[in-house]
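*Asks:* Below you'll find the structure I mean.
The values are calculated or read from the model by the stated rules, or taken from the named source; none is laboratory data. What you are looking at is a predicted structure, and each value in this text was computed from that prediction instead of being measured. Glycine also receives a Cβ, built like all others from the backbone with ideal geometry; neighbour counts cover every protein chain displayed. Quick note on the areas: whole protein, heavy atoms, side chains included, nothing else; ligands and nucleic acids left out. Shrake-Rupley method; radii C 1.70, N 1.55, O 1.52, S 1.80 Å.
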Amino acid sequence: MDHRFGTPYLVLYACLVNLIGCRGLPAKNHVPLFIFGDSLFDAGNNNYVDIPPSAQANYWPYGETFFKYPTGRFSDRRIIPDFIAEYANLPLIPPYLQPGSNKFIGGVNFAFGGSGALIETAQGYGINLRTQVSYFEEIEKLWRQMLGDAEAKKLISKAVYLISMGVNDYMVHFGTNSTVLESYSREEYVGMVIGNLTVEIKEIYKKGGRKFGFVNAGALDCTPAIGALEAGTRGPCNENATALIELHNAAFSNALQELESQLEGFKYATHDLYTSWSERIHNPTKYGFKEGSTACCGTGPYRGIPSCGGRKPVKEYQLCGNASEYVFFDSTHLTEKAIQQLAELMWSGSPNITGPYNLKMLFDI
């Protein structure tokens with residue numbers, strides 16, 4: 001038995017072919033959830049790779065207020081896939097790299113903080129999209145061995161594939177000495193990112209995936225981290241980052257429409273994360289927050305210098321008393337309160353914010 005799969009094959013087989021229920025779930029209604037992405041979706045894969053602590057979230061105060069210990073989630077509490085799993089009546093989806101976890105009951109989380117669609121993005125700090133899809137291919141192969149082609153195909157086609165990817169490909173070049181963006185026009189660079197994303201979506205489709213959930217690139221142009229870089233100049237946002245994100249989101253929308261026309265049975269839900277996130281940054285009180293631009297945890301202008309937890313290069317940091325009053329938890333990541341609002345929009349939002357389907361519709365198909 002592969003060391004990553006901690007439940008005997010016979011029990012797993014029974015769960016998957018509806019002979020018994022799994023952790024109280026009605027097996028006949030079982031719709032797995034596979035998660036690919038970056039720190040927005042990472043449930044703790046960063047715990048199990050030898051990377052600098054600055055690229056991890058497995059220390060206090062991350063995760064403390066819900067799980068009572070740091071889980072590797074880049075938030076004070078839960079993240080978007082946790083809520084989507086709850087709404088779909090699934091258990092929390094385990095990180096793929098977590099030793100001994102059962103990868104079959106509700107699905108698998110392959111997301112990794114710092115990841116990008118481009119192999120070069122955060123190299124050495126993250127597991128890129130190509131690697132994440134290769135992990136899914138291992139699961140798909142094992143399911144076919146266990147269940148036979150017909151049953152595995154049926155389960156894979158019922159599954160929902162949730163993807164957050166692309167924004168790190170742009171933001172990794174801000175606040176560093178990177179000259180990559182000087183080598184390409186904005187349109188050329190965005191085309192490279194969209195091209196890689198499209199290739200991997202097609203790979204999942206080839207394996208039988210039909211129902212996809214996406215977020216577009218969020219408002220990383222106006223994070224506390226960007227605000228700290230821009231302090232004393234142009235305020236909490238960066239116009240160059242905004243231009244790249246807007247180009248990416250327009251190109252990504254066009255690419256998904258093309259995939260829908262090219263691939264039979266391809267259905268998708270895209271949440272306009274940029275709009276919903278920006279709304280909360282610029283109009284925090286409208287959504288129940290007191291602070292939209294300054295982080296709960298960090299130091300410097302907007303608490304945007306990455307120091308939360310004291311395991312980053314900058315050790316000193318401040319921590320707010322009530323994270324639910326803030327949109328941002330740390331220099332780039334959201335609080336659970338903001339995350340839950342976005343998850344609800346992804347799950348049941350109207351077509352103007354999540355479309356052409358929303359995630360609830362995909363799970364019900």
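*Asks:* When the residues of segment 18-54 are filtered to those that are open to solvent by 20 Å² or more (accessible area, probe 1.4 Å) and not in a loop (DSSP other than H, G, I, E, B), which remaining residue is modelled with the lowest pLDDT?
*Replies:* My answer is L25.
Here is a yes/no grid of residues against (1) open to solvent by less than 40 Å² (accessible area, probe 1.4 Å); (2) under 19 Å from L40 (Cβ atoms); (3) without any contact (Cβ under 8 Å) to a residue 12 or more places away in the chain:
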site: Y135; (1), (2), (3): no, yes, no
site: G148; (1), (2), (3): yes, no, yes
site: V160; (1), (2), (3): yes, yes, no
site: N168; (1), (2), (3): yes, yes, no
site: T179; (1), (2), (3): no, no, yes
site: S183; (1), (2), (3): no, no, yes
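*Asks:* Also, quick follow-up: Does L259 satisfy the criteria of being under 19 Å from the mean Cα position of the chain (by Cα), modelled with pLDDT of 95 or more, open to solvent by less than 10 Å² (accessible area, probe 1.4 Å) and under 25 Å from L162 (Cβ atoms)?
*Replies:* Judged against the criteria, L259 is not a match.
*Asks:* Another question, if that's okay. Could you tell me whether segment 252-269 includes any residue that is closer than 21 Å to I226 by Cβ, in contact (Cβ under 8 Å) with a residue 12 or more places away in the chain, part of a helix (DSSP H, G or I) and of a type outside the set (F, W, Y)?
*Replies:* no
*Asks:* Quick one: is P81 in a loop (DSSP other than H, G, I, E, B), in contact (Cβ under 8 Å) with a residue 24 or more places away in the chain and in contact with a helix residue (DSSP H, G or I) (Cβ under 9 Å, 6 or more places away or on another chain)?
*Replies:* Working: in a loop (DSSP other than H, G, I, E, B): no; in contact (Cβ under 8 Å) with a residue 24 or more places away in the chain: yes; in contact with a helix residue (DSSP H, G or I) (Cβ under 9 Å, 6 or more places away or on another chain): yes.
No, not satisfied.
*Asks:* Right, next: Could you check how many residues of segment 276-316 are open to solvent by 30 Å² or more (accessible area, probe 1.4 Å) and either among the basic types (K, R) or touching a His at 6+ places or on another chain (Cβ under 9 Å) (or both)?
*Replies:* The total comes to 5.
*Asks:* Would you point out which residue out of F289, F214, F252 is at pLDDT 95 or above, touching an Asp or Glu at 6+ places or on another chain (Cβ under 9 Å) and among the aromatic types (F, W, Y)? Give the derivation first.
*Replies:* Working: F214 fails: touching an Asp or Glu at 6+ places or on another chain (Cβ under 9 Å); F252 fails: touching an Asp or Glu at 6+ places or on another chain (Cβ under 9 Å).
Matching residue, one of F289, F214, F252: F289.
*Asks:* Listed residues G209, G191; which is touching a Phe, Trp or Tyr at 6+ places or on another chain (Cβ under 9 Å) and assigned to a loop (DSSP other than H, G, I, E, B)?
*Replies:* Every option except G209 fails the conditions.
*Asks:* Looking at segment 61-84, which of the residues that are surrounded by 21 or more Cβ atoms within 10 Å (Cβ to Cβ) and acidic (D, E) is farthest from N45 (Cα to Cα)?
*Replies:* Checked segment 61-84; the qualifying residue farthest from N45 (Cα to Cα) is D76.
*Asks:* Scan segment 123-133 for residues that are assigned to a loop (DSSP other than H, G, I, E, B), crowded, with 22+ Cβ neighbours inside 10 Å and not polar (S, T, N, Q) and jot them down. Give the derivation first.
*Replies:* Narrowing segment 123-133 to residues assigned to a loop (DSSP other than H, G, I, E, B): 123-128.
Those left that are additionally crowded, with 22+ Cβ neighbours inside 10 Å: 126-128.
Of everything in segment 123-133, those that are assigned to a loop (DSSP other than H, G, I, E, B), crowded, with 22+ Cβ neighbours inside 10 Å and not polar (S, T, N, Q) turn out to be G126, I127.
*Asks:* Filter segment 326-357 for residues that are surrounded by fewer than 21 Cβ atoms within 10 Å (Cβ to Cβ) and of a type in the set (S, T, Y); which is nearest to P61 (Cα to Cα)?
*Replies:* Within segment 326-357, the match that is nearest to P61 (Cα to Cα) is S348.
*Asks:* Something else about it: Can you pull out the residues in segment 63-75 that are closer than 15 Å to N322 by Cα and at pLDDT below 95? I'd like the intermediate steps shown before the answer.
*Replies:* Taking segment 63-75 and keeping what is closer than 15 Å to N322 by Cα, we get 63-66, 75.
Residues satisfying the conditions are G63, E64, T65, F66.
*Asks:* How many residues does segment 118-133 contain that are in contact (Cβ under 8 Å) with a residue 40 or more places away in the chain, β-branched (V, I, T) and either touching a strand residue (DSSP E or B) at 6+ places or on another chain (Cβ under 6 Å) or under 16 Å from S39 (Cβ atoms) (or both)?
*Replies:* Final tally of qualifying residues: 2.
*Asks:* Quick one: N249 ticks every box in (1) touching a Gly at 6+ places or on another chain (Cβ under 6 Å); (2) surrounded by fewer than 23 Cβ atoms within 10 Å (Cβ to Cβ) bar one, so which box is it?
*Replies:* The number of the failed condition is (1).
*Asks:* Scan segment 185-213 residue by residue and report those that are acidic (D, E), within 27 Å of L33 (Cβ to Cβ) and open to solvent by 40 Å² or more (accessible area, probe 1.4 Å). Before you say what the answer is, go through the steps one by one.
*Replies:* Start the filter on segment 185-213 by keeping residues that are acidic (D, E), which leaves 187-188, 200, 203.
So of that shortlist, the ones also within 27 Å of L33 (Cβ to Cβ) come out as 200, 203.
Scanning segment 185-213 gives a single hit, E203.
*Asks:* Quick check, is T332 of a type in the set (V, I, T), assigned to a helix (DSSP H, G or I) and under 21 Å from D38 (Cβ atoms)?
*Replies:* No, not satisfied.
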